[in-house]
Structure formats: structure tokens, C-alpha cells
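Q: I have a structure here, written as C-alpha cells, and I will follow up with some questions on it.
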Amino acid sequence: MSETSDKIRKLFKAGDDIRDAGLKEPEDVEKYRDIRYGTEDPMQVMDVYRSAGREGLLPVIVSVHGGGWVYGDKERYRFYCMDLARRGFVVVNFSYRLAPEHKFPAPLEDTNLVFKWMAEHGKAYGMDLDKVFAVGDSAGGNILSLYLAACTNASFKEKWEKECRLQIQDSISVRAAALNCGVYKIENDMGGDTPALMEDYLPGKGTEEELDMISSISHITGNYPPIFLMTASGDFTQSQALAMAECLMERKVPFLFRFYDNEAHDLKHVFHVDMKCPQAEICNDETCRFFIEILNRR
């Protein structure tokens, strides 16, 4: 493991410990924990949360967590995902295999396995598989945006299946998605920790071909689902959100852009998963409202 990945694991864990200190799980959410969706690794496990007291099938949100491709799991996102479930959804909160122990395309393989699992077992948990949405932030925004491109771009899907030996599922379609403080264009000359992370994440340590392969904005077509796209005043990926907005406009993909701020201080990267932050409630309300409006349009 590189020094950068080790640093990020320690730094992010310390921040998440502070963020979640004192939080309690809501009682109005049904919880199904530690469900296996894969057989290769202990990380291939997920939780399912369901808004309590509601009968019949409910719309679904699949959450792809962030963490720089090297950190994170479902436990760190449980409060956020349970909060989404309280708004009338079934939420799938899954862990995926991390770099450097598991190289690309491991997170894409695991995301695909989750959707395959849903197709086979989702209705038993009250999932309406005709009303599936997804959210992803930071590196999870990259993973989700890339997966959606593979699902909606025929030539890109063929490339995935040929070069990465990943058979993309096509039985479930994502109706709309939220990309929050994500990374969508990765280049060699990017600053910060990204180049070192790519060395840990990518088998070739970040060749031009690999960087193009994981840059989702290079592969988006007009078939891409509607997007709730957001960034914040203190988000270091602001330029990525602007690049994605430009791409979506060029491809004529419907999207709603939101920029969040706080009068007292800048809102940090992925502020929306902090259940103590008032702006998180606003952002997550608007995300779920966007999803419901998509359903009402069709």
C-alpha cells in the first residue's frame, strides 16, 4: 500500500468517527443486515433499509459510498442511507472491494453484482424494481457514473465485457441518479492525492488508456439517466461537477444542478452524509424529491 492510501484511510476514519459520534439509528426504519451479494470476498456484503410501516413495493435507492477508492464500507454510510430510507424508499447500502488489495475493476464488478442480486431477490425485500435510483459521492460518484455509462452506452458496454470480462446486467434500469461531489474526469496532471491513488487503484498504475476508461464523461451518451448533480462551497471537486454539467448539456441529458453553501462557513466535501449538518437534510430532501418527480413525469 502506498503512503497516500494509508494516510487517507487513517484521515478519513478519524473524520468519520467525529462525524458520526453520538448518532443513533432511527427506529422507523426496518433493517436487514450483512446480506451476502458475492462469494469472493468478505467485503461483498450489504444492508437493506426499508421505510417502516409502509405496505407493498417501494422505490429503491442504491448507494455507492465514497472513500478515494481505498477506504470506506457500508457501516460508514448507514446513518445517511437510513435517513434516505425514512423518506419512503428501500435503500441498498453495500460495501465493495477496495484498492490496493483489489484493483480496478473490482468496485464495478461488485456494483454489478449488487444489481444482479436485486434482480433475483429484491422483491422479497419490498423493492419496486421498475423504480430504481442510485446515489454516489466522491470516488463512489466516479464508480456510479462509470457504471451508468456502461449500462447506457452500447459500445462502452461492449468494451467492458471484452476487456474487463464484466457482463453488465440489463434486467434493471436506473431511472435517475444523484452524483454528489464526485470525480468524473481523471488526468495525469491532476494535483493532490489522485495520481498516487491511481497507482494503487489501476493495474497499470494509471496509463492514458486506463484514465480514459474510468473517466465517465468520456463515455456518456444521450441514453444516460437524468442526474441530480451537486457540489458545495468547500468541495475540492467543484471543477469536476462543472465538467459533468457541461458534458450532460452537450449530450442533452436532463439534470438538476445544485450548489450548496452555508453563511457561517464553507460546506465540506460530501457534507450531505453528515446527519448533524442542516444543509445535509436540505440536499437529501431535494435529491429524493428529484427522484419522485422523475417518476411522476412518466
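Q: Mind listing whichever residues of the stretch 196-224 are β-branched (Val, Ile, Thr) and without any contact (Cβ under 8 Å) to a residue 12 or more places away in the chain?
A: At the first step, the residues of the stretch 196-224 found to be β-branched (Val, Ile, Thr) are 207, 214, 217, 220-221.
Once the filter is applied, which keeps residues that are β-branched (Val, Ile, Thr) and without any contact (Cβ under 8 Å) to a residue 12 or more places away in the chain, the stretch 196-224 yields only THR207.
Q: Let me ask another. Just the residues that are open to solvent by 20 Å² or more (accessible area, probe 1.4 Å) and either on the phi > 0 side of the Ramachandran plot or in contact (Cβ under 8 Å) with a residue 24 or more places away in the chain (or both), please, taken from the stretch 61-78.
A: Taking the stretch 61-78 as the starting set, the residues that turn out to be open to solvent by 20 Å² or more (accessible area, probe 1.4 Å) are 71, 73, 75-76, 78.
Scanning the stretch 61-78 gives TYR71, ASP73, ARG76, ARG78.
For every residue, the table says whether it meets (1) out of contact with any Phe, Trp or Tyr (no Cβ under 9 Å at 6 or more places or on another chain); (2) exposed (fewer than 15 other Cβ atoms within 10 Å of the Cβ); (3) more than 27 Å from ARG9 (Cβ to Cβ); (4) among the polar types (S, T, N, Q).
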position: THR111; (1), (2), (3), (4): no, no, no, yes
position: MET127; (1), (2), (3), (4): yes, no, yes, no
position: SER145; (1), (2), (3), (4): no, no, no, yes
position: ALA149; (1), (2), (3), (4): no, no, yes, no
position: ASN153; (1), (2), (3), (4): no, no, yes, yes
position: VAL174; (1), (2), (3), (4): no, no, yes, no
position: TYR184; (1), (2), (3), (4): yes, no, no, no
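Q: Does LEU98 qualify as being touching a Gly at 6+ places or on another chain (Cβ under 9 Å), among the aliphatic types (A, V, I, L, M) and either touching a residue at least 24 places away in the same chain (Cβ under 8 Å) or in a strand (DSSP E or B) (or both)?
A: yes
Q: Just need a number here: residues in the stretch 78-93 that are in contact with an Asp or Glu (Cβ under 7 Å, 6 or more places away or on another chain) and under 23 Å from ARG9 (Cα atoms). Lay out the reasoning, then the answer.
A: Applying the first criterion (in contact with an Asp or Glu (Cβ under 7 Å, 6 or more places away or on another chain)) to the stretch 78-93 yields 78-79, 82, 86, 93.
Subset that is under 23 Å from ARG9 (Cα atoms): 78-79, 93.
Counting residues in the stretch 78-93 that are in contact with an Asp or Glu (Cβ under 7 Å, 6 or more places away or on another chain) and under 23 Å from ARG9 (Cα atoms) gives 3.
Q: Residues of the stretch 36-53 being part of a strand (DSSP E or B) and either touching a residue at least 40 places away in the same chain (Cβ under 8 Å) or open to solvent by less than 20 Å² (accessible area, probe 1.4 Å) (or both), which ones? If you could, list the steps in order and put the result at the bottom.
A: Within the stretch 36-53, the subset part of a strand (DSSP E or B) is 36, 45-51.
Passing the criteria: VAL45, MET46, ASP47, VAL48, TYR49, ARG50, SER51.
Q: Report, ordered by the first and then the second residue, all pairs with beta carbons closer than 6 Å, sequence separation of six or more or different chains, a first member in the stretch 110-138 that is touching a residue at least 40 places away in the same chain (Cβ under 8 Å), and a second member that is polar (S, T, N, Q) and surrounded by fewer than 19 Cβ atoms within 10 Å (Cβ to Cβ).
A: Every condition considered, the pairs that remain are ASN112/GLN169; PHE115/GLN169; LYS116/GLN169; ALA119/SER171.
Q: How many of the residues making up the stretch 1-27 are more than 21 Å from HIS102 (Cβ to Cβ), assigned to a loop (DSSP other than H, G, I, E, B) and aliphatic (A, V, I, L, M)?
A: Final tally of qualifying residues: 2.
Q: Can you spot a residue in the stretch 255-268 that is small (Gly, Ala, Ser), more than 15 Å from the chain's Cα centre (by Cα) and at pLDDT below 95? I'd like the intermediate steps shown before the answer.
A: First, the residues of the stretch 255-268 that are small (Gly, Ala, Ser): 264.
Remaining after also requiring more than 15 Å from the chain's Cα centre (by Cα): 264.
Remaining after also requiring at pLDDT below 95: 264.
Checked the stretch 255-268: at least one residue is small (Gly, Ala, Ser), more than 15 Å from the chain's Cα centre (by Cα) and at pLDDT below 95.
Q: Among the residues of the stretch 287-298, which ones are more than 18 Å from the chain's Cα centre (by Cα) and either open to solvent by less than 40 Å² (accessible area, probe 1.4 Å) or modelled with pLDDT under 95 (or both)?
A: Hits for the stretch 287-298 are ILE294, LEU295, ASN296, ARG297, ARG298.
The values are calculated or read from the model by the stated rules, or taken from the named source; none is laboratory data. Quantities reported herein were computed from a predicted structural model and do not represent experimental measurements. Every residue, glycine as well, gets a Cβ built from its backbone with ideal geometry; the counts of neighbours run over all protein chains shown. Heads up: the accessible areas ignore ligands, DNA and RNA and are worked out on the full protein's heavy atoms, side chains in. Shrake-Rupley method; radii C 1.70, N 1.55, O 1.52, S 1.80 Å.
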